[in-house]
Amino acid sequence: MHRRSFIKKSSYTGLAMSILPGLSLSKESQYSVLELMGKTSIDLFGTEINLRKEAHDAFLDMKKAAYSDGVDLKIVSSYRNFHRQDAIWEGKYLQFTEQEGMSPPAAIENIIQYSTIPGTSRHHWGTDADIIDGYPRTTGDVLEVEKFEEGGPFAYFKKWMDENATKFGFYLVYTENPKRKGFKYEPWHYSYAPLSVPMLTSFRRKNIFKLLLEEDIIGKENFSSGFLKDYIQNNILSINPELL
Ligand SMILES: [Zn+2]
């Protein structure tokens, strides 16, 4: 499965390989900067699933298993491109600075408790999804930590996922570990590790500082090198160790 998309996406490397038999490319070299930053279109599968093929197939297998245990896995948000993330970023930035009167650095610190700088979201990869249980009746925002805790509508979902998700390759990214830095605990955000681990490896090898400063992101004049270093360390890399 992996191999098929590899060949389709990189016909030029396929050509290089046929010219140079024996040339082997490392797994992560198949992901381009544009792809990792949500700036190119990728093949996505499944109505209301929108994940890469392998992740989609694994999600469907997991959904079937959950269904037989009384949990209706429902994806709230999966793939998001750069422009979508940029709109989220800009909306929050303007809200915090103009309506709530925060200084730009304070606004940015606030945004990055839950939202990423455009180009650095794992939602750009087609491997990550925010998942809930479609069965219980709920009111208000479904992505609230309390809803996944004891007594909450998604407590049973959380228990089921804790016991089963990794069997299908899905891991919680922003775990409850108090020592973890960066994004707050998100009991809904899962990542399909067989694809996202090599993607993260590939992303770490790029010059993320440079890439972000080249983008037209509102407030980026506040991205000092110290800020970006901490952001990469805390918000990109302070995740479930199974995904590193
Ligand atoms: Zn998410």
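Descriptive notes on the structure:
- Check on ILE75, within 25 Å of LEU243 (Cβ to Cβ), of a type in the set (A, V, I, L, M, F, W, C) and either within 13 Å of the ligand (Cβ to nearest atom) or part of a strand (DSSP E or B) (or both): yes
- Pairing residues of the stretch 180-206 that are at positive phi with residues that are within 16 Å of the ligand (Cβ to nearest atom) and among the aliphatic types (A, V, I, L, M), at Cβ distances under 9 Å and at least 6 apart in sequence or on separate chains, gives GLY182/ILE112; GLY182/ILE236; GLY182/ILE239.
- Qualifying positions in the stretch 68-81 - crowded, with 19+ Cβ neighbours inside 10 Å and touching a residue at least 60 places away in the same chain (Cβ under 8 Å): VAL71, LEU73
- Residue tally, condition touching a helix residue (DSSP H, G or I) at 6+ places or on another chain (Cβ under 7 Å) and within 16 Å of the ligand (Cβ to nearest atom), over the stretch 86-95: 2
- Residues of the stretch 190-218 classified as in a helix (DSSP H, G or I) and either touching a strand residue (DSSP E or B) at 6+ places or on another chain (Cβ under 6 Å) or modelled with pLDDT of 90 or more (or both), total: 17
- Options GLU163, GLU98, GLU176, GLU150: the member that is acidic (Asp, Glu) and touching a Phe, Trp or Tyr at 6+ places or on another chain (Cβ under 9 Å): GLU176
- Residue match in the stretch 205-215 (condition: within 16 Å of the ligand (Cβ to nearest atom) and surrounded by 18 or more Cβ atoms within 10 Å (Cβ to Cβ)): no
- Lone qualifier among GLU98, GLU186, GLU163, GLU144 - being surrounded by fewer than 20 Cβ atoms within 10 Å (Cβ to Cβ), within 15 Å of the ligand (Cβ to nearest atom) and over 15 Å from the mean Cα position of the chain (by Cα): GLU144
- Single condition ILE112 does not satisfy, out of (1) β-branched (Val, Ile, Thr); (2) surrounded by fewer than 15 Cβ atoms within 10 Å (Cβ to Cβ); (3) under 17 Å from ILE88 (Cβ atoms): (2)
- Residue tally, condition outside any helix (DSSP H, G or I) and touching a helix residue (DSSP H, G or I) at 6+ places or on another chain (Cβ under 9 Å), over the stretch 225-239: 2
- ALA65 being in contact (Cβ under 8 Å) with a residue 40 or more places away in the chain, part of a helix (DSSP H, G or I), crowded, with 17+ Cβ neighbours inside 10 Å and in contact with a helix residue (DSSP H, G or I) (Cβ under 9 Å, 6 or more places away or on another chain): no
- Qualifying positions in the stretch 216-239 - small (Gly, Ala, Ser), under 22 Å from SER103 (Cα atoms) and either surrounded by 15 or more Cβ atoms within 10 Å (Cβ to Cβ) or in contact with a Ser or Thr (Cβ under 6 Å, 6 or more places away or on another chain) (or both): GLY219
- Residue list for the stretch 108-141, filter: closer than 21 Å to ILE208 by Cβ, in contact (Cβ under 8 Å) with a residue 60 or more places away in the chain and away from the ligand (no atom under 16 Å from the Cβ): ILE108
- Test: ASP69 is more than 16 Å from the ligand (Cβ to nearest atom), charged (D, E, K, R) and in contact with a Phe, Trp or Tyr (Cβ under 8 Å, 6 or more places away or on another chain): yes
The values are calculated or read from the model by the stated rules, or taken from the named source; none is laboratory data. Predicted model, so just to flag it, every value in this text is computed and none were measured. Note that each Cβ is placed from the backbone with ideal geometry, even for glycine, and that neighbours are counted across all protein chains shown.
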